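The values are calculated or read from the model by the stated rules, or taken from the named source; none is laboratory data. Keep in mind that what you see is a predicted model, and the values were worked out from it rather than measured. Cβ placement follows ideal geometry from the backbone for every residue including glycine, while neighbour counts extend to all protein chains displayed.
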Amino acid sequence: MSALATLAAALIATQAAQAPPQPTGAAIPQQRAAVERSERIMAEAQRRPGLLAQYLYMRDAYTGSTAVPFRLIFNQYLSWFQTWVGDYADARTTFTIAQTAQKGDSPSPLDGGYAATPAVEAITELARDRQAVFFNENHSNALTRTLTVQMLARLRALGFDHFAAETLYSTDKKLGERGYPTSASGFYTEEPVYAEMVRTALKLGYTVVAYEAESDAIADAREREQARNLIRRVLDKNPHARLVVNAGYAHIQEAGRYFDGKAMAQHFAQLSGIDPLTIEQTFMTPHAVARDDHPVYAAVIGPTHTDRPVVFRNAAGAAWSLRAEAYDVSVFFPQEVWRRGRPTWLALDGERLPYPVTSALCDNQYPCLVEARYANEPDEAIPADRVVFDPANDARNNRDRVRTSADAEPTAELYLRPDRYRISARSADNRVLGRRTAEVRTATAAKGS
């Protein structure tokens with residue numbers, strides 16, 4: 001399946017699975033035209049040298065058109081690029097899915113004898129006797145990737161040995177040998193938290209597998225092909241393999257209609273005979289505008305007083321799920337906390353530390369993209385974190401807020417594991433403006449080096 005066809009299918013899947021009812025009549029051709037235009041713009045953007053130039057091209061395309069049908073579609077495309085450059089604040093406002101109550105939603109866990117448990121502990125226990133664990137994510141909200149990164153070590157300790165990600169390209173034959181993703185490894189892995197997910201899986205000894213459909217199949221046929229790829233590339237080679245999967249949105253639902261048929265997880269269970277533990281991570285999340293939060297989330301998250309993802313379980317150990325027929329577990333993410341314009345969930349519950357960087361490397365040339373790569377990885381590797389400095393854009397009060405503070409010069413925080421790094425700054429035409437090395441230690445992270 002081509003990259004653009006895959007993205008179009010993902011976009012339609014997002015809307016069909018979680019957005020309000022789809023338009024009919026005259027609105028349908030407008031929506032299709034908007035998708036085609038968005039794909040053309042993205043293809044043109046990706047011909048630009050360097051990620052910053054690509055992002056700026058996407059941003060300019062957005063500001064250059066006020067057509068509502070176009071923006072309704074293109075917002076999602078732009079949000080992907082915003083996450084890639086580390087602009088998580090604007091990604092969450094550019095594209096958001098309001099979570100409304102649906103018929104059949106479970107009542108609040110607070111009304112049913114459930115108690116909050118740290119998600120990493122609950123999922124570890126629930127996965128102990130399972131052969132497959134499926135996580136989902138919101139492609140525009142990297143918050144929904146953070147718990148999956150944290151779970152990889154615990155699941156590896158239980159004996160899970162294969163990690164499959166929907167976004168990966170099967171054409172990157174050297175991913176396992178290298179130990180880190182590049183732009184040729186996948187689409188959403190351009191975003192640093194997703195790249196860290198893949199990098200972490202490789203470091204822990206997982207066999208990392210791509211399973212996206214490679215034909216032009218869409219809807220049910222695409223879902224079935226994905227499931228078949230998982231079986232052929234993992235279980236046919238080792239029937240006792242234990243599998244962790246990261247997929248988008250409703251690809252992991254276990255019941256209910258999905259497009260013209262079934263979701264990937266339903267096909268997987270039917271074809272393999274394995275019942276995966278399905279972890280839903282896109283419903284119970286905070287939104288930039290509180291009215292977009294699901295009513296259950298709004299009622300639960302305040303009284304719970306949590307600063308980390310939680311799962312609710314009852315006295316018998318059963319986990320609460322918003323849509324229990326479709327998913328085994330619902331994860332509640334805490335309200336977001338922001339420092340210097342960036343979300344603190346980038347710390348991965350303490351696995352990474354905030355490391356201050358200033359715009360000094362930019363040499364007064366803006367916009368400027370600052371990136372931190374592990375010292376033992378080349379420039380082709382997706383960095384551990386990124387941030388854009390762009391004071392002029394901030395002054396225009398545009399959608400893309402710049403990471404500035406009251407300091408003498410613009411300052412942001414990169415979130416990095418204790419390790420050695422190469423920090424670089426690039427201009428909009430992809431020139432290197434400055435480089436330096438850094439070592440992140442617990443004692444030095446708070447003040448930089």
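Looking only at region 39-89, which residues are assigned to a loop (DSSP other than H, G, I, E, B) and over 23 Å from the mean Cα position of the chain (by Cα)? Correct list: R47, R48, P49, G64, S65, T66, A67. Of all residues in region 292-326, those satisfying the criterion of being in a loop (DSSP other than H, G, I, E, B) and free of Cβ contacts under 8 Å to residues at least 12 places away in the same chain are H305, A316, A318. Inspection of region 336-344 identifies at least one residue that is within 16 Å of Q99 (Cβ to Cβ) and either under 20 Å from the mean Cα position of the chain (by Cα) or not assigned by TED's automatic domain parsing to the domain that holds V193 (or both). The criterion of being surrounded by 21 or more Cβ atoms within 10 Å (Cβ to Cβ), among the β-branched types (V, I, T) and under 26 Å from G104 (Cβ atoms) holds for V245. The residues listed here are V193, V245; of these, the one that is within 18 Å of the chain's Cα centre (by Cα), among the β-branched types (V, I, T) and within 25 Å of A326 (Cα to Cα) is V245.
Right, T282: buried (at least 22 other Cβ atoms within 10 Å of the Cβ), in contact (Cβ under 8 Å) with a residue 40 or more places away in the chain and under 26 Å from Q335 (Cβ atoms) or not?
Spelling it out, T282 is indeed buried (at least 22 other Cβ atoms within 10 Å of the Cβ), in contact (Cβ under 8 Å) with a residue 40 or more places away in the chain and under 26 Å from Q335 (Cβ atoms).
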